Amino acid sequence: MIPKGEIDKILEGYDRKKLAIAVICSHSALQIFHGARQEGVKTIGICKKSNKERYEAFPLAKPDEYIFVDKYEEISDHVDELAAKNAILIPHGSAVEYIGKKIETIKLPIFGNRRVLLWEADRQKMVKWLGVAGIKAPKTYKPEDIPGPAIVKFPGARGGKGYFVVKSTKEFNEKIARELKAGRITQNDVDGVVIQEFLSGVRFYPHYFYTPFFKDGFKCQEGRLEMLGLDKRIESNIDEIYRPLVFGVKTEPSYTVVGNAPVIMRESLLDEILRMGRGIVDASFELFGGIYGPFCIETIIDENFNITAFEVSARIVAGTNLYPRGSQYSCYIFDELMSTGRRISREIKVAAQKDALAKVIH
Ligand code: AMP
């Protein structure tokens, strides 16, 4: 892990009046660029040439400038150039996937605590985090001890791709052998497998933002926790599996995230959802120095209103892309059109004004 002092030193050299944000052109980049534009923050898109048209198609959400790369891992070759432009990297789901473990050592200021991204990537750590937060999580099973329906997950942020459900150890072994043979998974995947109790209920994905700089609202640590939105993921093919099944077409369920839909929850459920968010922030301070900025808890709520969390995304989630002009919750906190992307740029500006960039940038 790069020492915090090294990042602080780079930040000290930055021109506060010319701060820029750097974003890998993927995932939630349009929203982040759009929000930065509203805040008057300069944007740099780390982009594959083939993806440029996607951003040029949306003039209000394209970066001010591009740095072109063949592969996103190459971002580490551009850190000096980015630092010379006073750039702060904004992590999102694709950044976590493409930069991977290098995120620990990349010599560029990152918005938020970069340690958090390692806790998100490691499922064992995640279980610990949820536990310390006092949040109910699904039971996990050993391969040789699967008592009933369980979802089998492989390492890395894959958006549900390749997950399957088994009902016994025998079925687990058969399906693993089948997947290995087909080359869809590797031994590495099998070694890092997590087998979770299959939860029933409906899924809700609340979007949070922790800020140390604002005090009014839902108190949390030295600042407040903002609930900026809520979505539900759309997964192929499980979400419309009734379509083939009604005609008797044999279909193997899959859980690949292909999009997101807006949802609203019963108002009374918000108490618990807010407490869970606070628990995640408190536990992050206890375990690894805190979480700053956006995160999401992936939950399932059953018919008795029991809420279980099966994952934490410790950065902006793609579900926030639904709300570039603010959401059904953010409008109760901000009298402005506040997306999560815009909120990130706002936080950077506020931190700069308070001379406290080092607090939220690691
Ligand atoms: P994840 O990669 O953990 O975000 O999971 C992707 C999708 O798999 C989720 O959005 C759910 O539809 C499904 N899923 C994950 N964990 C569970 C679980 N423990 N029980 C039921 N469904 C799950």
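The criterion of being farther than 22 Å from Ile297 by Cα, touching a Phe, Trp or Tyr at 6+ places or on another chain (Cβ under 8 Å) and charged (D, E, K, R) holds for Glu73.
Can you tell me which residues in the stretch 312-343 are more than 20 Å from Phe285 (Cα to Cα) and either modelled with pLDDT under 95 or among the hydrophobic types (A, V, I, L, M, F, W, C) (or both)?
Residues of the stretch 312-343 more than 20 Å from Phe285 (Cα to Cα): 317-343.
Across the stretch 312-343, the qualifying residues are Val317, Ala318, Leu322, Cys331, Ile333, Phe334, Leu337, Met338.
Yes or no: the stretch 187-208 includes at least one residue that is under 17 Å from the mean Cα position of the chain (by Cα) and of a type in the set (Gly, Ala, Ser). Step through it out loud before you land on a result.
Step one: list which residues in the stretch 187-208 are under 17 Å from the mean Cα position of the chain (by Cα), which gives 203-208.
Subsequent filtering for residues that are of a type in the set (Gly, Ala, Ser) retains none.
Within the stretch 187-208 (the criterion being under 17 Å from the mean Cα position of the chain (by Cα) and of a type in the set (Gly, Ala, Ser)), the answer is no, since none of the residues qualifies.
Of the residues making up the stretch 141-160, those that are within 25 Å of the chain's Cα centre (by Cα) and near the ligand (Cβ under 9 Å from one of its atoms) are Ala150, Ile151, Lys153, Ala157, Arg158, Gly159, Gly160. Being in contact with an Asp or Glu (Cβ under 7 Å, 6 or more places away or on another chain), among the hydrophobic types (A, V, I, L, M, F, W, C) and in the same structural domain as Phe334 (by TED's automatic domain parsing) holds for only one residue in Val246, Val317, Val263, and it is Val263.
If I go through the stretch 117-135 residue by residue, how many of them are assigned to a loop (DSSP other than H, G, I, E, B) and surrounded by 15 or more Cβ atoms within 10 Å (Cβ to Cβ)? Write out each step before concluding.
If we filter the stretch 117-135 for residues that are assigned to a loop (DSSP other than H, G, I, E, B), which is where we start, we get 122, 133-135.
Imposing the further condition that a residue be surrounded by 15 or more Cβ atoms within 10 Å (Cβ to Cβ) reduces the set to 133, 135.
So the answer is 2.
Could you go through the stretch 85-99 and let me know if any residue there is surrounded by fewer than 22 Cβ atoms within 10 Å (Cβ to Cβ) and free of Cβ contacts under 8 Å to residues at least 24 places away in the same chain. Within the stretch 85-99, not a single residue is surrounded by fewer than 22 Cβ atoms within 10 Å (Cβ to Cβ) and free of Cβ contacts under 8 Å to residues at least 24 places away in the same chain.
Figure legend. Inter-residue proximity from the stretch 190-218: first residues in contact (Cβ under 8 Å) with a residue 12 or more places away in the chain, second residues in a helix (DSSP H, G or I) and within 10 Å of the ligand (Cβ to nearest atom), beta-carbon distance below 6 Å, spacing 6+ or different chains. Indicated pairs: Val194/Arg123.
With respect to Pro324, is the statement that it is part of a loop (DSSP other than H, G, I, E, B), closer than 16 Å to Arg343 by Cα, in the same structural domain as Val127 (by TED's automatic domain parsing) and more than 13 Å from the ligand (Cβ to nearest atom) true? Against the criterion (part of a loop (DSSP other than H, G, I, E, B), closer than 16 Å to Arg343 by Cα, in the same structural domain as Val127 (by TED's automatic domain parsing) and more than 13 Å from the ligand (Cβ to nearest atom)), Pro324 qualifies.
Would you check if there is a residue in the stretch 245-260 being surrounded by 17 or more Cβ atoms within 10 Å (Cβ to Cβ), away from the ligand (no atom under 12 Å from the Cβ), farther than 19 Å from Ile300 by Cβ and touching a residue at least 12 places away in the same chain (Cβ under 8 Å)? No, because not a single residue in the stretch 245-260 is surrounded by 17 or more Cβ atoms within 10 Å (Cβ to Cβ), away from the ligand (no atom under 12 Å from the Cβ), farther than 19 Å from Ile300 by Cβ and touching a residue at least 12 places away in the same chain (Cβ under 8 Å). Of all the residues in the stretch 194-232, those that are within 16 Å of the ligand (Cβ to nearest atom) and part of a loop (DSSP other than H, G, I, E, B) number 4. Only a single item in (1) among the β-branched types (Val, Ile, Thr); (2) within 30 Å of Asp302 (Cβ to Cβ); (3) not assigned by TED's automatic domain parsing to the domain that holds Ala283 is not met by Val190, and it is number (2). Just one of the numbered conditions (1) surrounded by fewer than 19 Cβ atoms within 10 Å (Cβ to Cβ); (2) closer than 29 Å to Glu12 by Cβ; (3) in contact (Cβ under 8 Å) with a residue 60 or more places away in the chain is not true of Glu73: (3).
What do you reckon, is Thr299 in contact (Cβ under 8 Å) with a residue 60 or more places away in the chain and either in a helix (DSSP H, G or I) or of a type in the set (Val, Ile, Thr) (or both)? Yes; evaluated as a whole, the condition is true for this residue.
The values are calculated or read from the model by the stated rules, or taken from the named source; none is laboratory data. Just so it is clear, the structure is predicted and the values come from calculations on it, not from any experiment. Reconstructed Cβ throughout: ideal geometry from the backbone, glycine too, with neighbour counts over all protein chains shown.
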